[in-house]
Every structure is written in structure tokens, then in C-alpha cells.
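The values are calculated or read from the model by the stated rules, or taken from the named source; none is laboratory data. Nothing here was measured: the structure is a model prediction, and the numbers come from that model. Every residue, glycine among them, receives a Cβ derived from its backbone with ideal geometry; neighbour counts consider all protein chains shown.
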Amino acid sequence: MIVRAMGTRGSVTVCRPDVARYGGNTTSWEIMSSRVSSKSRIVVDAGTGFYEFGSRLIREQGPDAVEDLNLLFTHYHNDHVNGLSMCPLMFVNSIKKHLFGPVDMDSHNLPFGPLAALEQEFSIPRFPVTAEKIREAISCVDVSPPEISPDEVVCFYSNKRTSIKHSIYRRIIKGELKQIEFGDTQLDPDKILFARTFRCVHPQVTLAYRFEEYDRDMNLESAFVLLTDYEAQVQVPADLAAFLRGANLLAVDCQYSMNKYRQCAGFGHGNPRWVAAILKATDIERVGTIHHDPNASDEHVEAIRDEVIEFARQKGVNLKEREVFAIGDFQKFDV
Ligand SMILES: [Zn+2]
Ligand SMILES: [Zn+2]
């Protein structure tokens, strides 16, 4: 699996000389798996990094390079949707768009999911093209977080997708179920890219994503976790530790230095002591910080990374086999 950070800035897009190294685009990630057709793209979140993703793709490969766009949302805060309406992929009707995301309640107590997010971004007078105009090309699937309905695991194969109950997924990884019902066919689990979710600690309903590939004997081959927009905790809850364990790469919200966190506690973001606690509680070898504060210069982003390393040392984490770094826009990882 290869994953690419298209946007690693938190809260708002920035453009200044002192952020040139890590970049200023808001959250968006591309997930590439040999199990999924190269014409079927998987993207998490549509911050301004999504605009870059789409415009590069169209510029370099043309509109026919994509047949399906699977867009998974962590949540609908502005910095995770503000690249949606300007992304050229949204205007290519031949590209089928499959939207996934949690369902929250809006201020009128009405359900708010991916389609509502899309309608809000494409609404007059905020934008001249309305969602109705592009809706024909969209099929919408809601992924509900565990708290409000039984959790689900999204499965991708070739140019197809389906979702299964978490209980079924558990039987599959235990080897009790040898095949997965995928439309009208049955597939071996080693052909599937699994996407699991976990409910984050954040002001609105927010999901973390874990992408996994298993081999024929159901050994975990590779796993990537995107844990963005998660409020720093003192300890790592056992269920989160279980969700993270075994991942080859973790991208984790570490927006604030400890100093800044004192003013920003409760805003729903991470700090170095929290990321160090994750290093202590898990075995993840590569941990990268994301959701960089818009005020943070490149030097500041690196100072926050160094704070993580210092806290990890204090907690007795052996960093010889571990890598802790700050992730920048357009960085690619072989997972
Ligand atoms: Zn955010
Ligand atoms: Zn948020």
C-alpha cells in the first residue's frame, strides 16, 4: 500500500514563505493499493489538498484516468471539506463519486452526512454550481460510527466497494470465514483492502480510518492509520490502542506544542505528550505528526516533533527502532 499526504495543515489553509517545507494545504490523503484498480481512487478528506490531488491528476493524466472516486470523510469541519467545490474531479460526470463518512446532527437536529456536506459546499450563494447539477454522478453511502449503530468495515476490491459488519470482519481475520460476499461474487480476504473506523474525541462526530491488507494466512501485511482531529488525552484508551496496534504507519494530529495547548485545550487536537503516550502504548514503527497549526512555521512544526521525541524518551520509549517525524504536503509513504 502506498499513501500520499496531499494536505497536512490544520484549521485553515496557509501560504507563507515560512511554511514552504511542510506546506499549507488542509487535510487530504490518497490511499493506493494493488488490490484496487488504478482507475478507482481512494481519498480521505477534501481539504485544499484534495484540490491539488484532482487538478494534478487531470493535468497529468486527463479526465479518463479516473472512473471511480471513493471519498471518505473523517468529519465535516471546514478544513476537511474546503477543497471539494473547486476540485476538477467533481465536475467530470464520467467519474462516479462514492462518498463515505459519519452521520452527525446539524444545528437543526437533522442528520448531517456526506451528501449534506456536499450540498452545503455546492450551494448558492457560496458557490455558483449547485449539488443537484453534479448529483447524478454521485451514489452516497453513509458509514456510521460505532456509537450510533453497529460499526462497519468498508471493503475495496478492483473497482468495487462494499461494507460488512465489524462482527463479520472479526470472523474473517480469525480465519473462521474464508470468503467475503462482494456483490454477486465471493472473494478471498487477501484480495481486499479493508477500511476500519474509530470514533475520535473531537467536538463533532469524527472518525479515524485504518486501512489494512492481509495475506492468504490472514497475517497483517500492511496497515495505515489516519488519526486526525483527536483531542489529546492523558492515557491511550485500550480500544484506541487496539485500533492502532500493528500499524506500519500512523499519521496523528499533533497541532499544538505543550505551551500552545494550554490555551487550546478542548479544541479537539493533539499535543506532543499525547503522541508520546501513543508511542508508549503501541508498537507502531513510523509515527508522523499532521494537522499542523496554521500559525506554525516549518521550524515550529519541527520543534513540536522534537517535543514528541523528548516526551517519548521521558516515558522510556525505545526510539532506536522507531521513527518520529513531521509529515508535509505531497509526501508519499510505502506502507
Ligand atoms: Zn481539522
Ligand atoms: Zn475538526
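The set of residues in region 66-83 that are closer than 15 Å to Ile134 by Cβ and under 12 Å from the mean Cα position of the chain (by Cα) contains only Leu71.
For region 260-308, taking the residues that are under 20 Å from the mean Cα position of the chain (by Cα) and on the phi > 0 side of the Ramachandran plot, the one that is surrounded by the fewest Cβ atoms within 10 Å (Cβ to Cβ) is identified as Gly268.
For region 93-105, check the following and say yes or no: at least one residue is over 15 Å from Gly49 (Cβ atoms) and hydroxyl-bearing (Ser, Thr, Tyr). Within region 93-105 (the criterion being over 15 Å from Gly49 (Cβ atoms) and hydroxyl-bearing (Ser, Thr, Tyr)), the answer is yes, since at least one residue qualifies. Scanning region 74-111 for residues that are within 16 Å of ligand 2 (Cβ to nearest atom), without any contact (Cβ under 8 Å) to a residue 40 or more places away in the chain and buried (at least 22 other Cβ atoms within 10 Å of the Cβ) gives a single hit, Leu84.
Conditions tested, residue by residue: (1) touching a Pro at 6+ places or on another chain (Cβ under 6 Å); (2) over 22 Å from Leu226 (Cβ atoms).
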{"site": "Pro294", "(1), (2)": "no, no"}
{"site": "Glu302", "(1), (2)": "no, no"}
{"site": "Val308", "(1), (2)": "yes, no"}
{"site": "Arg313", "(1), (2)": "no, yes"}
{"site": "Gly316", "(1), (2)": "no, yes"}
{"site": "Arg322", "(1), (2)": "no, no"}
{"site": "Gln331", "(1), (2)": "no, no"}
{"site": "Val335", "(1), (2)": "no, no"}
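Among all positions in region 195-207, there is at least one residue which is touching a Lys or Arg at 6+ places or on another chain (Cβ under 9 Å), of a type in the set (S, T, N, Q) and within 30 Å of Val301 (Cβ to Cβ).
Checking Arg4, Arg41 one by one, the residue that is more than 23 Å from Phe122 (Cα to Cα), touching a strand residue (DSSP E or B) at 6+ places or on another chain (Cβ under 8 Å) and charged (D, E, K, R) is Arg4 and no other. Consider region 184-236 and keep the residues that are within 30 Å of Tyr256 (Cα to Cα) and among the aromatic types (Phe, Trp, Tyr). The one that is nearest to ligand 1 (Cβ to nearest atom) is Tyr230. Tell me which residues, restricted to region 24-72, are in contact with a Phe, Trp or Tyr (Cβ under 7 Å, 6 or more places away or on another chain), modelled with pLDDT of 95 or more and not hydroxyl-bearing (Ser, Thr, Tyr). Those that are in contact with a Phe, Trp or Tyr (Cβ under 7 Å, 6 or more places away or on another chain), modelled with pLDDT of 95 or more and not hydroxyl-bearing (Ser, Thr, Tyr): Glu30, Ile31, Arg35, Val36, Ile42, Val43, Val44, Asp45.
Looking at Leu249, Leu226, Leu240, just one residue is in contact (Cβ under 8 Å) with a residue 12 or more places away in the chain and more than 30 Å from Asp106 (Cβ to Cβ), and that residue is Leu249. Scanning region 92-149 for residues that are at pLDDT 85 or above, of a type outside the set (A, V, I, L, M), farther than 18 Å from Glu67 by Cβ and within 24 Å of the chain's Cα centre (by Cα) yields a total of 12.
Of all residues in region 8-21, none are more than 16 Å from ligand 2 (Cβ to nearest atom) and either within 17 Å of the chain's Cα centre (by Cα) or surrounded by 24 or more Cβ atoms within 10 Å (Cβ to Cβ) (or both). If you go through region 22-47 one residue at a time, how many are under 17 Å from Gly10 (Cβ atoms), over 14 Å from the mean Cα position of the chain (by Cα) and polar (S, T, N, Q)? Looking only at that region, the number is 1.
Listed here are the strands (runs of 3 or more DSSP E) enclosed by region 1-103 that have at least 3 residues being within 16 Å of ligand 1 (Cβ to nearest atom) and of a type in the set (Gly, Ala, Ser), and there are none. One residue alone among Glu119, Glu60, Glu30 is without any contact (Cβ under 8 Å) to a residue 60 or more places away in the chain, surrounded by fewer than 21 Cβ atoms within 10 Å (Cβ to Cβ) and touching a Lys or Arg at 6+ places or on another chain (Cβ under 7 Å), and that residue is Glu30.
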